[in-house]
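**Q** Okay, here's the structure, questions in a sec.
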């Protein structure tokens, strides 16, 4: 096992350790122990920077299920390293922030940090996995861990609702993504991302190419909250603020971005991929920014701003995929700027949005409210929080000299360049891209300004707050101060990350290009150009809307804070539950006979369709061995006993006759030289008969069954059909094997029972080794039934009603 594998396991191992040490370390905040994990991992991943800066990578593999092509393959290149550093770096700051945010006495810290560590490990696994199935496993683990974090305050209905919604939507997308991965495997014969990328040239011509693309995009869009799947993110704000700062600024919502970036070499250059990302991204950008203006809760504003910013990044990845269509040359480098901008803004967004979430958490923590209608005048009372918020909001609004301004200018440049294209219908409708982006940016500026002025300016009224308002403690300010320091630093000195982080990530997304060929450099000042004029127009129009807000805020569209798409989700979920309950009530009648009929009918349909589809009817019994006469006698007794069962009206007689059938089965095993099976059958049948007789003697006499003739006839038909079908299956299987000259499976077992299983008892080896999975699942079922019985017994002993 390599150090990379250990790096992924460390958060999970610490998650196991935390509940063990928590009872003995209650005097020390649990966060101090947890802080060691992301800090150590961040420092560890920094050691890979020299390798990725030179265009290299690190690849390690651990065999898991090689027969299915599933191995724990880990791959560190520029893209995965950027995400790993974000996950661990922001993670360390969030843990530090949470130490001062969450009270060690009143909060269940051992639960919180177990969920957080589980999420951290899963996210690192997602970005480092080269195997698609392993990536999917970690992907779904992030959904599970995030749901646990969102519902951390589970006594709140809103928290449980938000967790359920995020789980349903992201897991739905995960299933779609898994189907896409399986299609890619069918097309390429591998689950390795690197190997799939190596086969890219032949994939586009496949009829399954489009299906795989759409399914993968569903997974990415649901995870990264793209319209209309974005509705889970605002309700996820019910989580504690450290969770929001972590999941919704730098990690979970960026998983879909990562997936799109990672598979851009596979699907990039295709018109459907281009327009799917551009349209989804710009619609999400615009819808998120407009909806953010209507929010009154600070975390609600940040939620929709996150949705909007994710749309911006997604649209950039779409525009940048045109570089792969151009293949090479100046045209390709021309469009690659969009990918560079996406990567740079990914980093910028993590810094300013993380600081803003923490600032909002501080405001909520110190004032007891996040409602901007109650807030106001906090600038002089909370000066450090004011400075943090001012820098973060200015960066998000795209104002100089902060990093958000630089990536917004590059965003406009990328879309303006897209209008010059003569492919993918850009010559016809490409002019709309910068127009839509500009409109969305106006609303982005507006909600940033509204948040800033409503929160920190105006008259301070202590009566509006549940607490005595004051500045946050020093420890709670450390993390957001570090993040806003990065906002300023990356705005003034952006080339600090140009060659170390951005360029290696871009070349990972566009593997056809080298770092030298792309020549990635950033500059805060580009002169007076179209992009600068667009920014000035945004500031002007946004300011006008802010000044006239009292007039247009009276419209109902502004007053409706809740996103109307939530109504469709709620109605759809309620309808699905109602439909499921209706179907369940019709099917789950409580009668064992009905359930047995369902199973028999399914078996009949499945076998009947298989015989018809495969033309598997065959009745060649010419090679059947001669059967001794006494076998016919035993069989006759077996048949007569079985036919008697439906007509017996007493339980004890039924048990005896059923026991006779079981003993005859043991006799069959003995006659066909299977003494182990015969002995086992005798023991099981004896124990069963004795237990049934002991139990049933306490039950009342059986009442005569009053079933309608039609029901009796139905039972006879189904029973006869099952018997005939199983007989036909047995004879046909034997006949087809004879016609094809197949050797008996028993020969295979005889030859390999010792060689492969290492045992001399054939029956035992077959059950434990050759059919080990089947046996394991049977044991699992028995274990579940045993637990159910135990719970029923405990319920009865506690005086509960009969179930």
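**Q** Do we have residue 284 as buried (at least 22 other Cβ atoms within 10 Å of the Cβ) and either outside any helix (DSSP H, G or I) or without any contact (Cβ under 8 Å) to a residue 60 or more places away in the chain (or both) here?
**A** So residue 284 fits the description; yes.
**Q** With respect to residue 622, determine if the residue is at pLDDT below 80 and either under 21 Å from residue 714 (Cα atoms) or within 50 Å of the chain's Cα centre (by Cα) (or both).
**A** Working: at pLDDT below 80: yes; either under 21 Å from residue 714 (Cα atoms) or within 50 Å of the chain's Cα centre (by Cα) (or both): no.
In short, no.
**Q** Which one of these is touching a residue at least 24 places away in the same chain (Cβ under 8 Å), under 32 Å from the mean Cα position of the chain (by Cα) and under 19 Å from residue 392 (Cα atoms): 456, 452, 443? Reasoning before the result, please.
**A** On the way: 456 fails: under 32 Å from the mean Cα position of the chain (by Cα); 452 fails: under 32 Å from the mean Cα position of the chain (by Cα).
The conditions single out 443.
**Q** Still on this structure: What single numbered condition from (1) outside any loop (DSSP other than H, G, I, E, B); (2) in contact (Cβ under 8 Å) with a residue 60 or more places away in the chain fails to hold for residue 26?
**A** (1)
**Q** Where residues in the stretch 546-591 are part of a loop (DSSP other than H, G, I, E, B) and surrounded by 10 or more Cβ atoms within 10 Å (Cβ to Cβ), which of them is modelled with the lowest pLDDT?
**A** The initial filter retains those residues of the stretch 546-591 that are part of a loop (DSSP other than H, G, I, E, B), namely 548, 553-555, 560-564, 588-591.
Narrowing further to those that are surrounded by 10 or more Cβ atoms within 10 Å (Cβ to Cβ): 548, 553, 560-563, 588-589.
Details: 548: 90, 553: 73, 560: 66, 561: 62, 562: 71, 563: 74, 588: 83, 589: 81.
Only one residue tops the list, namely 561.
Yes/no matrix, rows are residues, columns are (1) surrounded by 23 or more Cβ atoms within 10 Å (Cβ to Cβ); (2) within 17 Å of residue 349 (Cα to Cα); (3) touching a residue at least 40 places away in the same chain (Cβ under 8 Å):
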position	(1), (2), (3)
82	yes, yes, yes
86	yes, yes, yes
93	yes, yes, yes
100	no, no, yes
114	yes, no, yes
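**Q** Restricting to the stretch 512-523, what's the tally of residues that are surrounded by 16 or more Cβ atoms within 10 Å (Cβ to Cβ) and either at pLDDT 85 or above or not in a loop (DSSP other than H, G, I, E, B) (or both)?
**A** Within the stretch 512-523, residues that are surrounded by 16 or more Cβ atoms within 10 Å (Cβ to Cβ) and either at pLDDT 85 or above or not in a loop (DSSP other than H, G, I, E, B) (or both) number 4.
**Q** Restricting attention to the stretch 443-462, which residues are over 21 Å from residue 299 (Cα atoms) and part of a helix (DSSP H, G or I)?
**A** 462
**Q** In addition: Just give me the residues in the stretch 60-81 being assigned to a strand (DSSP E or B) and in contact with a helix residue (DSSP H, G or I) (Cβ under 8 Å, 6 or more places away or on another chain), in sequence order. Break it down into steps so the answer makes sense when it comes.
**A** At the first step, the residues of the stretch 60-81 found to be assigned to a strand (DSSP E or B) are 60-65, 70-76.
60, 62, 64, 70, 71, 72, 73, 74, 75, 76, listed by residue number.
**Q** Can you tell me which residues in the stretch 463-480 are part of a helix (DSSP H, G or I) and surrounded by fewer than 18 Cβ atoms within 10 Å (Cβ to Cβ)? It would help to see each step written out before you state the result.
**A** Looking only at the stretch 463-480, we keep the residues that are part of a helix (DSSP H, G or I), and these are 463-464, 474-480.
Selection gives 463, 464, 474, 475, 478.
**Q** Are there helices (runs of 4 or more DSSP H) fully within the stretch 697-803 with at least 3 residues that are in the same structural domain as residue 653 (by TED's automatic domain parsing), surrounded by 13 or more Cβ atoms within 10 Å (Cβ to Cβ) and modelled with pLDDT of 80 or more? List them.
**A** Working: elements: 709-739, 745-757, 762-765, 772-797.
Helices (runs of 4 or more DSSP H) meeting the threshold: 709-739.
**Q** Return yes or no: is residue 43 surrounded by 14 or more Cβ atoms within 10 Å (Cβ to Cβ), on the phi < 0 side of the Ramachandran plot and part of a helix (DSSP H, G or I)? Let's see the steps before the verdict.
**A** On the way: surrounded by 14 or more Cβ atoms within 10 Å (Cβ to Cβ): no; on the phi < 0 side of the Ramachandran plot: yes; part of a helix (DSSP H, G or I): yes.
No, not satisfied.
**Q** Is it true that residue 13 is over 22 Å from residue 103 (Cα atoms) and in a loop (DSSP other than H, G, I, E, B)?
**A** no
**Q** Are any residues in the stretch 411-429 closer than 16 Å to residue 323 by Cα and surrounded by 15 or more Cβ atoms within 10 Å (Cβ to Cβ), and if so, which ones? Walk me through it before giving the result.
**A** Quick first cut of the stretch 411-429, residues closer than 16 Å to residue 323 by Cα only: 411, 413-426.
The answer is 411, 413, 414, 415, 416, 417, 418, 419, 421, 424, 426.
The values are calculated or read from the model by the stated rules, or taken from the named source; none is laboratory data. Since the structure is predicted, the reported quantities are computational estimates derived from the model, not experimental observations. Backbone-built Cβ (ideal geometry, glycine too); neighbour counts: all protein chains shown.
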